[in-house]
Amino acid sequence: MSRDSMNPTIERILKNIENVMIGKRKVAELSLVALLAEGHVLLEDVPGVGKTMMVRALAKSVSAQFRRIQFTPDLLPSDVTGVSIYNPKEMEFQFKPGPIMGNIILADEINRTSPKTQSALLEGMEESSVTIDGVTHILDKPFFVMATQNPIEYEGTYPLPEAQLDRFLLKMKMGYPSVEEEIEVLNSTQRMAPIDDLEPVIDLEELRDIQQEIKLVTVNDSIKRYIVEIANQSRTHESVYLGVSPRGSIALMKAAQAYAYIYRRDYVLPDDIQYLAPNVFAHRLILRSDAKFDGITADEVISEILTRVSVPVQRLVK
């Protein structure tokens with residue numbers, strides 16, 4: 001797909017992030033897709049490849065209030081959402097907000113903590129609110145969670161529950177830099193951290209306006225059917241125990257709208273669906289035990305499904 005017609009505002013944000021994150025253009029672009037589509041991102045990779053720095057660079061670029069939650073085995077749900085504390089002077093309980101009360105939340109090493117604490121993020125990610133002691137607190141918009149995790153085969157980690165995984169718009173990996181990119185990283189950090197000099201590109205009001213404009217991007221009925229057919233194939237695939245939910249179909253549609261907007265289109269193309277489907281759908285699949293034993297991956301299943309489902313032909317009227 002052509003990269004010649006990117007929205008100039010988005011291009012400036014990406015270039016700003018690239019001042020810090022060398023060679024991670026695709027990761028930065030997909031992170032923006034999720035942010036603009038009002039979704040959330042799960043970054044999975046080994047320690048030290050720049051997951052945390054990516055979130056900080058994104059937050060700085062859009063003037064967002066950044067909050068970090070370092071997940072550990074002893075972290076409690078109230079450490080995430082906040083807690084009501086009794087004030088003897090006022091003779092009433094007062095709410096002390098937790099780190100979830102921000103715009104861009106880094107849930108660092110989310111699979112290092114127990115499922116109970118992981119689930120403390122669920123309501124915020126789905127409803128943009130948290131309920132504590134029966135009182136619902138509305139989170140400021142935009143609200144965006146970028147969670148990082150180490151691969152589950154590493155010792156001392158807890159697999160994320162399916163309900164939690166389903167609430168991430170997309171999942172991706174950072175990957176190691178090339179030799180030349182890593183040398184450039186060393187050069188850029190020799191005297192100071194580039195993140196310290198990063199300046200905002202847009203403010204939160206502009207970001208909210210873009211999020212609203214994205215909702216107006218046209219999704220043709222044939223594109224919607226294409227999304228649903230891919231999801232339906234995942235539910236009946238011979239290697240899959242549990243396929244993509246309707247929430248996953250909605251997620252792919254919203255991601256495609258954001259992606260189309262980034263490339264200055266007011267309509268979604270089948271190419272957008274094919275490009276985004278692996279990152280939006282793969283983490284929502286639960287494979288059968290025999291498929292795992294045979295070394296089949298969720299990404300391979302989605303790629304195979306994309307070859308099975310007929311691509312809609314769109315007639316564009318000029």
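Side notes on the structure shown:
- Taking the stretch 275-300 as the range and being surrounded by fewer than 19 Cβ atoms within 10 Å (Cβ to Cβ), polar (S, T, N, Q) and not in a loop (DSSP other than H, G, I, E, B) as the test, only 289 passes.
- All helices (runs of 4 or more DSSP H) inside the stretch 1-82 with 3 or more residues being among the aliphatic types (A, V, I, L, M): 8-18, 25-36, 51-61
- Hey, residue 296 in contact with a Leu (Cβ under 9 Å, 6 or more places away or on another chain), over 30 Å from residue 56 (Cβ atoms) and at pLDDT 95 or above or not: no
- Checked against the criterion of being in the same structural domain as residue 203 (by TED's automatic domain parsing), touching a Pro at 6+ places or on another chain (Cβ under 7 Å) and surrounded by 14 or more Cβ atoms within 10 Å (Cβ to Cβ), the stretch 41-50 has at least one qualifying residue.
- Residues that are closer than 18 Å to residue 65 by Cα and more than 21 Å from the chain's Cα centre (by Cα), drawn from the stretch 116-148: 137
- Selection count where residues are free of Cβ contacts under 8 Å to residues at least 60 places away in the same chain, surrounded by fewer than 22 Cβ atoms within 10 Å (Cβ to Cβ) and more than 25 Å from residue 251 (Cα to Cα), scope the stretch 14-40: 2
- Residue match in the stretch 109-118 (condition: closer than 29 Å to residue 25 by Cβ and among the aliphatic types (A, V, I, L, M)): yes
- Residues that are within 20 Å of residue 109 (Cα to Cα) and among the polar types (S, T, N, Q) were ranked within the stretch 66-92; the one that is surrounded by the most Cβ atoms within 10 Å (Cβ to Cβ) is 81.
- Taking the criterion of being at pLDDT 90 or above and not β-branched (Val, Ile, Thr), the residues of the stretch 7-24 that qualify are 7, 8, 11, 12, 14, 15, 16.
- For residue 87, the conditions (1) free of Cβ contacts under 8 Å to residues at least 60 places away in the same chain; (2) within 19 Å of the chain's Cα centre (by Cα) all hold with the exception of (2).
- The stretch 41-74, subset touching a Lys or Arg at 6+ places or on another chain (Cβ under 6 Å) and among the acidic types (Asp, Glu), residue nearest to residue 178 (Cα to Cα): 45
- Taken over the stretch 234-254, the criterion of being in contact with a Lys or Arg (Cβ under 6 Å, 6 or more places away or on another chain) and either more than 26 Å from residue 303 (Cβ to Cβ) or assigned to a helix (DSSP H, G or I) (or both) is satisfied by 248 alone.
- When the stretch 210-245 is filtered for residues that are touching a helix residue (DSSP H, G or I) at 6+ places or on another chain (Cβ under 7 Å) and hydroxyl-bearing (Ser, Thr, Tyr), the ones remaining, listed by number, are 226, 234, 239, 245.
- Considering residues of the stretch 89-121 that are among the hydrophobic types (A, V, I, L, M, F, W, C) and in contact with an Asp or Glu (Cβ under 9 Å, 6 or more places away or on another chain) only, the residue farthest from residue 145 (Cα to Cα): 93
- Condition met for residue 103 (at pLDDT 90 or above, buried (at least 17 other Cβ atoms within 10 Å of the Cβ) and out of contact with any helix residue (DSSP H, G or I) (no Cβ under 6 Å at 6 or more places or on another chain)): yes
- Residue in the stretch 229-237 that is under 21 Å from residue 265 (Cβ atoms), β-branched (Val, Ile, Thr) and touching a strand residue (DSSP E or B) at 6+ places or on another chain (Cβ under 6 Å) present: no
- Test: residue in the stretch 229-247 that is touching a Pro at 6+ places or on another chain (Cβ under 7 Å), basic (Lys, Arg) and either in contact (Cβ under 8 Å) with a residue 24 or more places away in the chain or in the same structural domain as residue 15 (by TED's automatic domain parsing) (or both): no
- Test for residue 202: is it over 30 Å from residue 293 (Cα atoms), touching a residue at least 12 places away in the same chain (Cβ under 8 Å) and hydrophobic (A, V, I, L, M, F, W, C): yes
The values are calculated or read from the model by the stated rules, or taken from the named source; none is laboratory data. As the structure is a computational prediction, the values presented were derived from the model and not from experiment. Counting neighbours? That spans all protein chains shown, and the Cβs are built from the backbone with ideal geometry, glycine included.
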